[in-house]
Every structure is written in structure tokens, then in C-alpha cells.
1. If you place +1 on the Cβ of every Lys and Arg, -1 on the Cβ of every Asp and Glu, and leave all else neutral, what size is the dipole of the chain about its Cα centre, to the nearest 20 Debye?
2. Over all directions, how big on average is the projection of the convex hull of the alpha-carbon atoms in region 272-391, in square nanometres?
3. Which far-off residues, 5 or more places away or on another chain, put their amide H under 5 Å from the one on Ile113, with H placed in the peptide plane?
4. In terms of modelled amide H atoms, which long-range or inter-chain residues lie less than 5 Å from the amide H of Ala214?
5. At 7 Å along the Cα-to-beta-carbon direction for both Asn335 and Arg353, put a label point, then send me their distance in nm to one decimal.
6. To check you understand DSSP bridge types, tell me what percent of the beta bridges within the chain (both residues inside) are antiparallel, rounded to 5.
7. What list of ³J(HN,Hα) couplings, whole Hz, do you get for region 349-354 from phi and the Karplus terms 6.51, -1.76, 1.60, once you set θ to phi - 60° and write x for glycine and proline?
8. Mind checking the full-extension length gain between Arg147 and Thr187? Use 0.36 nm per residue of separation minus the Cα-Cα distance, one decimal, nm.
Amino acid sequence: MRKLLVVTFLLPVLAALGWWRFYERSLPDFGPSYREYAYVTNGRSNTVSVIDLRTFQPAKTIAVGVSPMGVAASTKKNEIYVVNSGSDNVSIIDAERNSVVATLGVHARPYFIDVSEDGKRAYVANSGSANVSLIDLDKRVVLANVRVGAAPGLARVSPDGTTVVVSNRGDNTVSLIDAKQLRLRATLPVCAQPEDIAILPDSSKAFVACTGSAQVASIALKHGEQAGDQVLALLDVGRTPIDLTLKPDGGELMVCDFDSDSISIIETGNNEVGSSALVGQHPVRGLVTGDNSRLYVSNFGSNDVAVYDIDLGRLITTLPVGSHPEGLALSQDENYLLALDTQSGDVTVIQRRTPRKLEPSEYSLLTLIPVGVQPNAIVVKAFRLSKAKNPGTR
């Protein structure tokens, strides 16, 4: 924390010395139609903060529902979806105008939202009403509310769009919904207090973190003509596994073990825990780079982000950030890491660059950007304006 205070104090001094202009020259220029924003849900402000990642400046504050908790970006349209747990609805934000264009009611106490890869459907687990809302994003209507187990925390859709996996914290089960037929397909008993979910890229298997029993459940999913929908294994990991981060290639799963101050690494092919490593106090979120080489872990208790080299199998550095970091995101080019600081109410921006003689460090603090009160989730959306809104077209 002392390091963070020193760095924070130095930021305005460095800016006065022309430090910002040095970094500004390093920012890519994609033309007048390019936009790249980070969206941050502020749970106590009932707002979403928009950060322009071309300039690393606040762009706008958008009023949404009560207690926004989850946020997701469309994979196909320039839209952002925000779950408001206090008002039981979903706000749809037009990213080109950065304004709310629709609000859809769901059921009681939703916390997260997941969007299908084709951008047509969204799924919201309603923890207070034991069901999942299936949303048609083109028509902006709720297609169905499917009954599941008690206190569902998260609903995640498989990459092939056929199965929705739901973790039911209240009765230690996992519900599997047929996303095509809009009905419950199976309910499987697993381990204690299932929460986070990761699904392999080929949609063959899901992993569910059970915070109450220090385990991760491996579940075979039915897809196509193949049999599935069965628990394959319960894997012992560190205490309170709170977050699952899958490598893009699907070969390894990184588990943040909150009360063990460690990560566990699961080999997804053979359902075995391959190794573990200490990373910092109370790790809460992981993020893997697109080339599968680096894992970033936000440490809620030690106010830093751990950088773990996956190829070398070791921790290489820790980066001081704000107070109680949680959500993580990368810019489109992955040269900038964003850490969401829940207690200090800001976003720490860290630049990754090729080390130089006078600047040997690979990572450096770029800036701190203030957001709202009790920020809790972050997502990045990069896109080009439509022709109607593109200032460079006639």
C-alpha cells in the first residue's frame, strides 16, 4: 500500500514533466471511426462509468438501475448489458452513443449476465427467485424464465450455444438448461456452494468452483449426439476457490483460491490438478492473455496484481494497484491492463511494453482513473462507428 501511495502522489508531478505526452505518442491511432471503451458498474452509485481507452480519460457516467452488479459486451453489436440486482432488471447501453436504450425486467436479485457467442441471447440467473431469464437480444424481450435450483448465482452459456450451466449455491447442485428448447435438461448434485463456471471451447465439459468444499467439479456436457450431463470428478484445490479462468486454448484452468493465497492449475483434458503457486493475499480474479502465456491475478488483500508466467510456471512480479482490486480487463491490443479497485473507487491502468536500457521494467503504472462508489465489474468494448455515425464518412 505504501508503494501505491508513493506512485499516486507522483502521478501529477510526472504529468507536469511531460510524462503523459511520452505515453500519448505510444497509443495506437485506428482512425476517426474507431472507439474503445471500458465500462465499469458502480454498485453504490447506480451508474456505469465509461472510460475512453484511446486517451485513458473518463468519457461519461451513465445512470442505470439500482445496484448494478454484472456487465457484458455484445459479441456482434455495439451494445453493453448491465444487470441491476436492486431493481431486478437489465439495462441495454448503446455503445456508440453511450446511453441506455432499453430496460428489461427479469426476476429477483440477478447478479451476472452472460451473452452467447453469436450475440443473439443473454442469460441471467435470478438468485432470489430460483430461475434463469433467457433474453432475445435482437427483439429485446425475455423469451422464458426456466426454474432451476436454490439461489442460482451464475448462468453461463456454452460456446456452441446449446447448453446453459447454472450454479445453485442454495442446494449444492448444477442445473443444465437446453438453450434451444428453453427447458431444464438435468440437475446434478455437486460439491458445497458452487459458484463460478468455466466451459471448454469445444463445449464438451464444464468446470464449477465450489467455495464451501475447496473443490472444482468437472462435468461432461451433452452436445450433438454425444452422451454427457454427468459429474466426472471432484478435484481438490485450495481453500475457497472463488474464480475460474480458462486459457483460450482450453488446456488449463486457473483457480483463484481466496483463503489459501494461491492459484491451482487444473489440466482440463485429464481432470487433474497439476500444480499450485502462491500469488498474494486473497486472490479473487484471473485473466489470461490471448497467446496463453501470462496470467494476471488481482489480490484483494494485498492491493496488487500478480503476473504469473504460464510457460515458465512461476510468479514473475507483482504490480501495486489501488485498494481491494477485483475485476480485470485488457485493452484490445493487450498492451494495457485495467485493475478495478473496489474500495478506492478507481481503475489502475498498467502498461506492458518491451523493456529498454533506461526502462528495464516490462510493466509500468500509466494512470489512475476515478469511477463511482463501490465499483464491482468491468468490461472492454472495441468497435468502429456505423457509417451513419462515422464522422469520416459522407
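Every number in this text was worked out from the coordinates using simple rules, so none of it is lab data. This one's a predicted model, so the numbers in the text were calculated from it and none came from an experiment. Cβ: placed from backbone, ideal geometry, glycine included. Neighbour counts: every protein chain shown.
1. That gives the chain a dipole magnitude of about 1320 debye.
2. Mean orientational projected area (region 272-391, Cα hull): 10.3 nm².
3. Excluding prolines and chain starts, which carry no amide H, the hits are Val71.
4. When sequence neighbours closer than 5 places are left aside, the close amide H contacts are Thr240.
5. 0.9 nm
6. Roughly 100 percent of the DSSP beta bridges within the chain come out antiparallel.
7. For region 349-354, the Karplus curve yields 10, 10, 9, 10, 8, 6 Hz.
8. Numbers: separation 40, 0.36 × 40 = 14.40 nm, distance 1.09 nm.
Fully extending the segment from Arg147 to Thr187 adds 13.3 nm.
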